[in-house]
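Working notes for the structure below.
Taken together, the values in this text are just the output of simple stated rules run on the coordinates, not laboratory data. Since the structure is predicted, the reported quantities are computational estimates derived from the model, not experimental observations. No Cβ is skipped: glycine too gets one built from the backbone with ideal geometry, and neighbour counts run over all protein chains shown.
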Amino acid sequence: MQGYIINTRRPALSDPRVRHALNLAFDFDWLNQHIFYGAYRRTQSYFQNSEMAASGLPGPAELKLLAPYRDQLPAAVFDQPLPIDQPQGLRPRLRQALGLLREAGYEVRDGVMVEHQSGRPLTLEFLLYDSQFERITQPFVHNLARLGIQSRIRVVDVNQYLSRLRQFQFDLIVGSYPQSANPGNEQRDFWTSAYAETPQSRNLAGVSDPVVDALVDDLIRADSRSALDTAARALDRVLRWGFYVVPQWNFDGTRVALWNKFGYPQPFPRYTPDFSVWWVDPDRAPAITARQRGQE
C-alpha cells in the first residue's frame, strides 16, 4: 500500500467522513491517463495482489472475527462490499465529498470550507521531501480547492522531513506499508494504539482503535495459513473503511530490459523475477556476442 497517509492526530482529520472526502477528491483515473500513460492500476488493499486482500462482503470466517465488534464498527463493514463503490466521474465524486463534509460539520462560506461552529477554515499541508511528487499532488490540491479546502504543498529537506515525521508533525505525506506474504508482529507497529503516540513508530496515521488492536492480535495468533488469510482480510476490511490513507497505484509486474541470452526457470516466482537463478544460455549467447562484435 502506497498512498497519501492521513495524520488522524490532527483534529480536522480525526473524522472518517473528512478522510473519505479526501479519498473522493483524488482523481486517479485522470492521473493514470494524462501522466502515467495508463501504466498503473489503483491500489485498493493493504495486502494488494494476494489472498489476504478483502473483497466482496465478509464471509463466515471473517464475520466470526468481526461480529463481536459490530457496535464499534461502521455498518458499511458488514453490508457494503469491497472495493468501495465510488462514482467514476470527478464531479459526482466531489458532490459526494461535499455531502460528507457537511455531515462532518463543515460548510462553504465565500468559497472557503469552514467549520460550521467556529468558522475555522479547513486547511491541509502535503509534506514532501522530493519534488517528483509535486506534479502528482498538484491536481489533488486543485480538486480540493474546488471543495473550498485550502491546501498547499511544502517540500523540505530530508533532515527536516524526518524530524517532522518522527514527531508526527504533518497533515498528509506520501508513504507506504510494505508487506510480506506472512504478516506478523510488524502490524502492531503499523496500526495499534500502543504505537499511535510513540515517536518514530511506523503508525504514521495515528490509528488508535481497540477493534484494530484486537484484529492485529488475531492475525499474529493465527495458527494456520487459512486463519492468517482470514485475519488479514478482516483487518484489511476495517482499515479500508477507516480511510486512513488515500491509496495511490501499483504495477503487478516487473519491467526488465535484457539481452535475449538468458535462461530462467518457469513459472516465475509470484512477486519477483529472482535474477539469482538465471543463467547464460549456451545456445543463445553466441548469437548475441556475434551481433555485438558486428556492431563494433
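Could you tell me what percent of the DSSP beta bridges with both partners in the chain are antiparallel, to the nearest 5?
Taking every DSSP beta bridge with both residues in the chain, the antiparallel ones total about 70 percent.
Using only the Cα atoms of the stretch 139-186, build the gyration tensor, take square roots of its eigenvalues as a ≥ b ≥ c, and label the shape rounded, prolate or oblate: rounded if a/c is under 1.5, else prolate if a/b is larger than b/c, else oblate. Since a/c reaches 1.5 but b/c is at least a/b, the shape of the stretch 139-186 is classed as oblate. For log10 I(q)/I(0) by the Debye sum over Cα atoms at q = 0.07, 0.09, 0.13, 0.15 Å⁻¹, computed directly from the structure shown, the correct entry in [x] -0.52, -0.65, -0.97, -1.14; [y] -0.29, -0.48, -0.96, -1.22; [z] -0.34, -0.53, -0.99, -1.24 is [z].
Taking a ≥ b ≥ c as the square roots of the eigenvalues of the Cα gyration tensor of the stretch 1-126, is the shape rounded (a/c under 1.5), prolate (a/b larger than b/c) or oblate? The shape class here is oblate.
A protection proxy built from the mean count of other Cβ atoms within 10 Å ranks the segments 213-222, 260-269, 230-239, most packed first, as 230-239, 213-222, 260-269.
Antiparallel DSSP bridges in the stretch 78-234: what percent, to the nearest 5?
Here the share of antiparallel DSSP bridges comes out near 40 percent.
Across q = 0.10, 0.11 Å⁻¹, the stretch 66-208 modelled as identical point scatterers on its alpha-carbon atoms has Debye log10 I(q)/I(0) values of -0.50, -0.61, in the order of the q list. Every Cα-Cα pair of the stretch 57-112 was included, and the share exceeding 15 Å stands at 65 percent.
With semi-axes defined as the square roots of five times the eigenvalues of the C-alpha gyration tensor, the equivalent ellipsoid of the stretch 236-280 measures 36, 12, 7 Å, largest first.
Could you compute the net charge surrounding Leu31? Neighbours are other residues with a C-beta less than 14 Å from the C-beta of Leu31; K and R count +1, D and E count -1.
+1
Convex hull volume per residue, computed on the Cα atoms of the stretch 26-77, equals 110 Å³.
The calculated pair-distance distribution of the stretch 208-296 uses every alpha carbon pair, bins of 5 angstrom beginning at 0, and gives 3, 10, 12, 12, 10, 11, 9, 8, 7, 6, 6, 5, 2, 0 percent.
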